[in-house]
Every structure is written in structure tokens, then in C-alpha cells.
């Protein structure tokens, strides 16, 4: 058994995997991760619907008051 057994096998050329730095796991969450967690817990679908409803109501109320104020200012008495 003087023969080297490794010589009996045909090896294919394997491309080297590019080396990259090791992944760093921070001890504390980043600002972005904390904000993302806050958004998930705070902005539920019901709360988003309430915000949209309140915003739309305030916008339409502002438009109505502006139109009424503008109409009163330009009203002509005959």
C-alpha cells in the first residue's frame, strides 16, 4: 500500500468563495430597529383608519370654513 489514495480521484476545479467580513451582531438595537418595532406596536390598522378619518374631517372642515369666510367677505347687499 505504497500508493497515495488521493491520486486515484479526479478533483474538479472549485471556485473560491469570496471572503467577506464576519457579521456583527450589536448588543443594543439600532435606532431604525427601535423605530420599526414602535411602528409595529403603535400603528394598528384601527389607529391608521382613525388618523385618516380625523385628517379628512379636519381638511374638509377647513375648506368649508374658508369658503364661508370668503363668501361672507364678498357678499354684496343690494
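None of the figures in this text is laboratory data; all of them are computed from the coordinates on show. Keep in mind that this is a model prediction, so the values were computed, not measured. FYI the Cβ positions are ideal-geometry reconstructions off the backbone, even for glycines, and counts take in every protein chain you see.
A few notes on this one:
- Neighbour-count ranking [beta-carbon atoms within 10 angstrom, fewest first] of 65, 78: 78, 65
- By the count of other C-beta atoms within 10 Å, a proxy for reagent exposure, 70, 28 are ordered fewest to most as 28, 70.
- Difference of contour (0.36 nm per residue) and Cα-Cα distance, residue 17 to residue 64: 10.3 nm
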